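Novice: Sharing a structure, written as structure tokens. Questions coming.
The values are calculated or read from the model by the stated rules, or taken from the named source; none is laboratory data. Note that the structure is a prediction, hence the values are computed from the model and not measured. Glycine also receives a Cβ, built like all others from the backbone with ideal geometry; neighbour counts cover every protein chain displayed. Each accessible area value is taken on the protein alone, full model and side chains, heavy atoms only, with ligands, DNA and RNA left out. Shrake-Rupley method; radii C 1.70, N 1.55, O 1.52, S 1.80 Å.
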Amino acid sequence: MIDLDEQITQTLRERAEGDVDTNRLLCGSRARGRRRQVHRRVAAGTALSLVGVLGVVGVTGTGLDGLNGRMPWTTATPAVVPPVPPRADGVPGATADPMLVGADPQVLHFGLDPARARYLGWEVIRDQGETIRLSVAGSEEVRIDVGRSSDLPSTVNIDGTSFEVTELGRPIFDGAIRPVSGMARGLVKLWQPAPDLYARAVMLHGDRAVLNHAVEALRWKEARRCAAPLRLGALPEGAKVTVCSVDIDSYPRLVTARFALQRAAMENMSVEYRYVSNAGTYTEADRTIGGRPALLSAKGTRLELIGIPRTRVIADFGWPWDGERPANIFTEAEATALLADVKLSEDPTQPQSWQ
């Protein structure tokens, strides 16, 4: 079986000359992560069986890993503490003012208790809503969507699987857990944390206890920043950030972030950040941006900062267009100025350095 690090590096290398298939990258990493979790459980079960055979010898003598007086699970490497979005001081939570939800794409108006659940990612879409992805005690992903309207997005993505979460007629936000239509084991819970505030929790493979624990871990009276290892500086004139999305499902080996900008219906730009701990460093460049080497794509619609260890930063400024490029799109000059002003974390595995 190909190692996770090798697979990520291979995928990035294969797509170095074109658009990176983010879904392929994330789905692959998550699938291998789940297989590794199964392997760890099997290994733990084997170790326990050996304890029964060896008795106290394994405890007082040489451990199974060759270290005196220690069993395998006591020789562990330091625990990885996953990132937690920093507090947005002075900003009320969602239940205090539901109208703030989705108003600022760089602020989450709810959070979770990190002692009870782990963040897997977060996202804010301007004028639509906010999302937190989490796991409880190593369980599978639970997705929480929150909005000012009962009209929450019908299509969701969990563990790389996109599916519809719909109900006949008007959705009922009564707090009951129901099966997801068309999904063998999917579960969904709809409820209102406060008047004019609507929430939905979804699991791909149902476990009612886990779903309830995930909901109980949410914190509605706090606000947190949509922090990432990359922070945008000055935006092009007339542009505004419409999406902030961060994925830490495979942290610290893989961290991704995406920011979307819009100036008009046909004027869009995205800035994507991707850190892969075992990836190589690209060196081919044809220009310089802010003192860093950079590369313009063959189509002339994408700029990438080059030479940042294990990191890719890409501004895609020429979409949507098909065939002849429309006049009303962001320009290379605007993308250049944007990338020249980005702030990057020196060490993405140190969340305190995130902006």
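Novice: Determine which lysines satisfy two conditions relative to LYS240: a Cα distance under 28 Å, and not lying fewer than 8 residues away in the same chain.
Specialist: Of all the lysines, those that pass the test against LYS240 - Cα under 28 Å, at least 8 places apart if same chain - are LYS221, LYS299, LYS343.
Novice: Using mean Cβ contacts within 10 Å as the protection proxy, how do 336-342, 80-86 order, highest first?
Specialist: Numbers: 336-342: 18.9, 80-86: 15.9.
Order by mean packing, descending: 336-342, 80-86.
Novice: What accessible area per residue comes out for region 228-301, rounded to a whole number of Å², with a 1.4 Å probe?
Specialist: Details: 3070 Å² over 74 residues.
Accessible area per residue: 41 Å².
Novice: By how many nm would the segment from GLU164 to LYS343 lengthen if fully extended, with 0.36 nm per residue of separation less the alpha-carbon distance?
Specialist: Details: separation 179, 0.36 × 179 = 64.44 nm, distance 3.69 nm.
Stretched fully, the GLU164-LYS343 segment lengthens by 60.8 nm.
Novice: Subtract the Cα-Cα distance of VAL80 and ASN328 from 0.36 nm times their separation in residues, and report this length gain in nm to one decimal. Before the final figure, lay out the partial values.
Specialist: On the way: separation 248, 0.36 × 248 = 89.28 nm, distance 4.56 nm.
Roughly 84.7 nm would be gained on extension.
Novice: Ok, one more. What accessible area, in Å² to the nearest ten, does a 1.4 Å probe give for GLU284?
Specialist: Its accessible surface works out to 120 Å², give or take rounding.
Novice: When all protein chains stay in place, what accessible area (Å², nearest 10, 1.4 Å probe) is found for PHE163?
Specialist: 20 Å²
Novice: Once a ≥ b ≥ c are taken as the square roots of the eigenvalues of the Cα gyration tensor of region 90-168, is the result rounded (a/c under 1.5), prolate (a/b larger than b/c) or oblate (a/b not larger than b/c)? Let's see the in-between values first.
Specialist: On the way: a/c = 2.03, a/b = 1.12, b/c = 1.81.
Here region 90-168 falls in the oblate category.
Novice: Using a 1.4 Å probe, how large is the accessible area of THR283, given in Å² and rounded to the nearest 10?
Specialist: About 120 Å², rounded to the nearest 10.
Novice: May I ask for the distance between the Cα centers of region 264-285 and region 87-156, given as a whole number of Å?
Specialist: Going from one Cα centre to the other spans 25 Å.
Novice: Could you order TRP191, TRP122 by accessible surface area, starting with the largest, using a probe radius of 1.4 Å? Provide the component values of the computation, followed by the final result.
Specialist: Numbers: TRP191 35, TRP122 5 Å².
Sorted descending by solvent-accessible area, the residues read TRP191, TRP122.
Novice: Further question on the same structure: What net charge is computed for the residues neighbouring VAL271, neighbours being all others with C-beta under 10 Å from the C-beta of VAL271, Lys and Arg scored +1, Asp and Glu -1? Don't skip to the end; give the middle numbers.
Specialist: On the way: positive: ARG258; negative: GLU272, ASP316.
So the environment of VAL271 carries a net charge of -1.
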